[in-house]
Structures are given as structure tokens and as C-alpha cells.
Amino acid sequence: MWRFIQKLRYRRSENVREEMPGHALEGFAGSYFGRSVARAGDVNGDGYADLVVAASTSNTAYVYLGGATPLRGAPITLVSPRGGSNFGADVSSAGDVNGDGYADLLAGAFASSTAYVYLGAPGSPPFGATPIALRGLAGTRFGVSVARAGRRDRCRVMGGG
């Protein structure tokens, strides 16, 4: 289970501390749910930040859409396009790689030396049917780490030995 810690907000002008509610997200036992958690940006263009949570042993990642009520509704499930590949070993926002105004996501699948780019779009689910596959050399663990690399149109994918 992944639990979001309650945040404390301090208003200096009034010398008041407020406790903000926390949220709990639960995954299946043994799925490594929450092994990687990242701010997704705004993948569907609704003006709210979204969240992506990996569950690598079940080869899935979950996208929780933000809103006026945080983490509302059931998550969007992203499933490994190639089966037992440790899909979701790492997840990250990719920024806006195609410049369409929607945040995009990265999901690593190191057992198949692949990382996937999911392009954000309006609506729900906000992703197209087929992600863009970035492939490394076999056996290099390409996709063990994925990250946005600073600029909105760049991403970084790493492997290991």
C-alpha cells in the first residue's frame, strides 16, 4: 500500500497550522505497487496534475487523474505491451515530448530492454492505444530508470549491468 502523508500548511500571517487530508492508494499484494511514483503532469488537459504509480511485478502502471477532489475515480491501467518485462519498474513524466500541450509519460520495462512513451491527449483515457517503444540492446536493462531530462521535449532512459 502506498500512503500519501498528510501535509501541514502553515499560514504565517495568522500563525495557524492546518492539517490537510492525506490519501491512501492500494495495490495488489506482491505487485510492488508504489515502487515508483511520479507526478505525471496534466496528461488529459483538464487543468489538474495527475499521478502515475508503478506495480512492476504485475507489469502495470496506474494513472490517477487529478481534480477538484484529488485522485478521484478508478485509475487508468497501463499494461505491458510485451508481457513479463518488468513494465513499470520505473515511471516518470516525460514532459510534453510532441508539443501538443498535454503531458506525456514514460514507463520502463527493463527485462525487455524497452521504455515506453505514452502521449497525453484530451479525455479519458487520455492515451492512444499503442505507446511509442524505445528499445535498447538486448540484455542491457535499458528502461531500468526513466526520467524527464529538464526541457519539455527531452527524456532520459538508462540501463545497467
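The values are calculated or read from the model by the stated rules, or taken from the named source; none is laboratory data. Just so you know, these numbers come straight off a predicted model, no measurement behind them. Virtual Cβ from ideal backbone geometry, glycine too; neighbours counted across all protein chains shown. Just so you know, the surface numbers come from the protein's heavy atoms only, side chains and all, with ligands and any DNA or RNA stripped out. Shrake-Rupley method; radii C 1.70, N 1.55, O 1.52, S 1.80 Å.
Output yes when any residue across the range 59-78 is modelled with pLDDT under 85, open to solvent by less than 60 Å² (accessible area, probe 1.4 Å), touching a strand residue (DSSP E or B) at 6+ places or on another chain (Cβ under 6 Å) and within 27 Å of residue 30 (Cα to Cα), and no when none is.
Scanning the range 59-78, I find at least one residue that is modelled with pLDDT under 85, open to solvent by less than 60 Å² (accessible area, probe 1.4 Å), touching a strand residue (DSSP E or B) at 6+ places or on another chain (Cβ under 6 Å) and within 27 Å of residue 30 (Cα to Cα), so the answer is yes.
Here is a check on your reading of the model: is residue 126 crowded, with 18+ Cβ neighbours inside 10 Å and at pLDDT below 85? Steps first, answer last, please.
Details: crowded, with 18+ Cβ neighbours inside 10 Å: yes; at pLDDT below 85: yes.
Here the answer is yes, as residue 126 does meet what is asked.
Search the range 110-120 for residues being over 18 Å from residue 50 (Cα atoms) and touching a residue at least 40 places away in the same chain (Cβ under 8 Å), and hand back the single one that is surrounded by the fewest Cβ atoms within 10 Å (Cβ to Cβ).
Going through the qualifying residues, I end up with 113.
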